[in-house]
Amino acid sequence: MKQMVDLSTIWEHGRATLQTLWISIIFLLAPFAYLVLSQRSKSKSVASGRSDKGEAGSTAPDHSKFDTSNIRVTKILIHPIKSCKGTSVPEANYTLHGLDNDRKWCIIKTHNNAVVTARDVAKMVLIHPRIIPASSSEAGRLEVSFPKESGCETFSVPLNPTEEQLQDWENINISLWGKDDIEGYVCQTNIGRSPSEILSEYMGMPVHLAVRGSRQRSCPPTIRFPNLDAPSYFQDGYPLLIVSEESVAAAQELIREMVGMQGIEEKWSSDTLQVERFRPNIVIKGAGAPFFEDILTEFTIDSHHEAVEGASSIIRLVRKCTRCVLPNVHPETGVRDKAVPLKVLMKHRRGLDPGRPRLPCMGCNGVFTANGVVKVGDWIHVCETGFV
Ligand SMILES: *[C@@H]1O[C@H](CO)[C@@H](O)[C@H](O)[C@H]1NC(C)=O
Ligand SMILES: *[C@@H]1O[C@H](CO)[C@@H](O)[C@H](O)[C@H]1NC(C)=O
């Protein structure tokens, strides 16, 4: 205000020297200059602190297109044996390790204890593990069955092997992605052929079924969380993968636009891209636009529509999920598509993960910060958005 008075005085009385005029102009412009500069440094700190969207060359995401007040859990998927058939459940308990029983088992090659995935053996996705919870008369078990035409018989292993059982089972170090630091045990049964024999017949190579041991395996750090301290079992790296239905629907639209190009077959004009291909744990819907999970960084899940302070613990998304050919395998037939969806993701979904800008992304990986329960129909309460 003071400068305005100075100026009007100057004009009224015509006594201004050039010097006072310049000083007045500087005073007048100072607040605007401050605003502009502070905005610039703010966006810089977001870019360097949270991620490197800046480096990846993308612009800040438009948060306004999302409705964050009506996002719900529409599906919960557990994959007890890595790369084998998943199972959709109405609710699941979770710990820091992920949803209970998710990727607690894996199939390994006998000669080097390396995990086998459906990237190598697509028909693994047809192996069907079922969780049979404990009853008053029986301990819980994991029942594993195979497609009829394979001729392989169903077998069961304990859901929670006792210390005594584990002492009889071979203790091994399992290797995944070149690191052999995951503790496991070779599963055994008391009756019939062993899981190793049955699985080796189905897979056409010598394998074992392994269950995780108690030694903790740590998630790899991410750019946003260089000191990430979270455990996982046989997940690719992180205990949670979340994706939205809107994102899968958007990917399907992009596939349809590319029919006839890059080996994308005509059937994709009408085929549905199932969310199961992406092997997520939690599927959400309601943001009203695709790829909301890309900007979601912290949230809680519970059964209240309105957020209730302390009703549930924070879940943090720590990075984008980069994709390989695995989603090309049809979850119900085990047939691998030549192009879908990888070719489409390569075209439209790259440059999103700062650490690996060349890889296509779909869904986001997260970590839990406490134990809890998630149910289909629960609400997502957004605590923080930004860049993962
Ligand atoms: C979750 O944990 C509670 C308490 O241990 C248990 O009663 C319930 O059956 C569990 N739910 C599921 C789906 O495993
Ligand atoms: C597994 O690896 C750990 C750490 O490198 C080592 O201490 C342990 O002896 C190994 N266990 C087996 C069964 O090889």
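Where a number appears in this text, it was derived from the coordinates with a stated rule and is not lab data. These numbers come from a predicted model, not from an experiment.
Observations, loosely collected:
- Derived scalar couplings ³J(HN,Hα) [region 107-120; Karplus, 6.51 cos²θ - 1.76 cosθ + 1.60; whole Hz; x for Gly, Pro]: 9, 10, 6, 5, 7, 9, 6, 8, 5, 9, 10, 5, 5, 8
- Cα centroid of region 370-388 to Cα centroid of region 284-316, whole Å: 4 Å
- Database remark: amide H of Val340 closer than 5 angstrom to no amide H (H placed geometrically; neighbours at sequence offset of 5 or more, or on other chains; Pro and chain starts carry no H).
- Computed from backbone phi, the HN-Hα couplings of region 225-239 come to 10, x, 10, 3, 10, 8, x, 8, 9, 9, 5, 4, x, 10, x Hz, rounded to whole numbers (Karplus: 6.51 cos²θ - 1.76 cosθ + 1.60, θ = phi - 60°; Gly and Pro given as x).
- Debye-sum result for region 326-388 in log10 I(q)/I(0), which assumes one identical scatterer on each alpha carbon, at q = 0.12, 0.13, 0.20, 0.26 Å⁻¹: -0.53, -0.61, -0.98, -1.07
- Estimated Rh, region 104-212: Kirkwood, alpha-carbon pairs, angstrom: 14.4 Å
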